[in-house]
Amino acid sequence: MKVIKKILQMQKVADEARCAGRKVGFVPTMGYLHKGHLSLIRQARQLSELVVVSIFVNPTQFGPHEDYQNYPRDLSRDAKLLRQVGCDILFLPSVEEMYPQGYCSYVDVENLTQLLCGASRPSHFRGVATVVTKLFNIVKPHLAVFGQKDAQQAFVIRRMVTDLNQDLEIVVAPTIREPDGLAMSSRNEYLTPQERADALVLYQALKWAHEQIVEGQRNIEYLVQGMTKMIQNKKTAQIDYISFVDTEKLHSLKRLEGEVLIALAVKFGRARLIDNLLIKV
Ligand code: AMP
């Protein structure tokens with residue numbers, strides 16, 4: 001596996017691969033890799049001939065009081081995992097390389113980014129859209145793989161790629177969970193044993209709602225109340241949102257029909273965790 005730290009070198013390698021007719025697959029990450037990340041990389045491996053993974057903890061997607069400084073990092077472990085899973089190139093730029101002095105250009109995807117996580121993290125998706133656009137311009141991939149775990153992020157990226165005519169395919173891969181159901185996340189690292197046990201309720205609440213719907217329940221208020229009760233029962237949980245939204249505009253649904261995203265964000269101590277289920281009613 002080759003490690004590239006400079007933008008110009010990454011662009012040159014990408015150009016050479018494209019000229020040679022090799023399909024370039026890309027997985028952007030913030031590192032501290034787990035099996036969720038690795039599943040995206042395996043998917044990229046299956047769909048392309050040159051697999052590029054980036055590790056960049058992107059400062060512009062963190063709010064002023066969020067965990068940018070303390071975000072978990074372990075580069076040597078990450079590099080080992082990447083080699084095992086068949087990554088060809090690790091793109092590892094510094095913050096100065098990505099945002100040099102005088103930097104002042106941003107990508108703003110409207111509407112979709114103000115809802116759900118965007119309501120409590122107002123500049124988050126602007127940072128995500130900006131860094132992902134920059135990474136697409138640097139890695140020049142034919143396809144990029146994102147996780148369903150960050151459902152809103154995947155929607156925002158798809159919208160941005162369509163709106164700005166970015167010339168690549170977006171693949172969304174399923175959420176990978178711990179054996180007990182907790183969605184894998186680098187931020188699970190922050191959880192104390194009590195919080196880790198309590199956090200199980202997220203998937204349980206999503207599954208409960210899904211089961212209710214399968215049994216014929218169509219009252220969204222009833223479902224949100226049931227999920228809220230389950231989660232509030234856990235002492236360390238603080239709910240940010242529980243929403244039933246459509247998969248076009250991410251608007252709150254009045255009626256359960258068609259494709260429905262059940263999404264939630266809940267804080268457990270320092271960790272703000274998100275999870276979701278995409279269902280057909
Ligand atoms: P991050 O390093 O958190 O920025 O995540 C990088 C990519 O991995 C994003 O596309 C995430 O959606 C994806 N990802 C994170 N956790 C999971 C998971 N548990 N299952 C599948 N994909 C994931």
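The values are calculated or read from the model by the stated rules, or taken from the named source; none is laboratory data. Computed from a predicted model, the values in this text were never measured in an experiment. Here the Cβ positions follow ideal geometry from the backbone for every residue, glycine too, while neighbour counts run over all protein chains shown. Surface accessibility is based on the protein's heavy atoms, side chains included, excluding ligands, DNA and RNA. Shrake-Rupley method; radii C 1.70, N 1.55, O 1.52, S 1.80 Å.
Points worth noting:
- Selected residue (only one of Val156, Val139, Val161 is of a type outside the set (Gly, Ala, Ser), within 13 Å of the ligand (Cβ to nearest atom) and modelled with pLDDT of 95 or more): Val156
- Any hit, region 96-113, residues being of a type in the set (Asp, Glu), open to solvent by 80 Å² or more (accessible area, probe 1.4 Å), away from the ligand (no atom under 12 Å from the Cβ) and touching a helix residue (DSSP H, G or I) at 6+ places or on another chain (Cβ under 7 Å): yes
- Test set (1) within 16 Å of the ligand (Cβ to nearest atom); (2) farther than 26 Å from Phe146 by Cβ; (3) among the aliphatic types (A, V, I, L, M) - Leu168 fails condition number: (2)
The rows are residues; the columns are (1) crowded, with 19+ Cβ neighbours inside 10 Å; (2) not assigned by TED's automatic domain parsing to the domain that holds Phe268.
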| site | (1), (2) |
| --- | --- |
| Gly147 | yes, yes |
| Asp150 | yes, yes |
| Gln153 | yes, yes |
| Arg158 | no, yes |
| Leu164 | no, yes |
| Leu168 | no, yes |
| Pro179 | no, yes |
| Leu191 | yes, no |
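- Selection status of Leu33, within 16 Å of the ligand (Cβ to nearest atom) and either open to solvent by 20 Å² or more (accessible area, probe 1.4 Å) or in contact with a Ser or Thr (Cβ under 9 Å, 6 or more places away or on another chain) (or both): yes
- Region 36-47: number of residues that are surrounded by fewer than 18 Cβ atoms within 10 Å (Cβ to Cβ) and in contact with a Ser or Thr (Cβ under 9 Å, 6 or more places away or on another chain): 0
- Contact annotation: residue pairs with Cβ atoms under 6 Å, 6 or more positions apart or on different chains, pairing a residue in region 50-71 that is surrounded by 19 or more Cβ atoms within 10 Å (Cβ to Cβ) with a partner that is assigned to a loop (DSSP other than H, G, I, E, B) and among the charged types (D, E, K, R), are Leu50/Arg22; Leu50/Asp88; Val51/Asp88.
- Within region 78-95, the set of residues being assigned to a helix (DSSP H, G or I) and open to solvent by less than 30 Å² (accessible area, probe 1.4 Å) comprises Asp78, Ala79, Leu82, Val85.
- Note on region 2-21: residues that are surrounded by 15 or more Cβ atoms within 10 Å (Cβ to Cβ) and not polar (S, T, N, Q) total 7.
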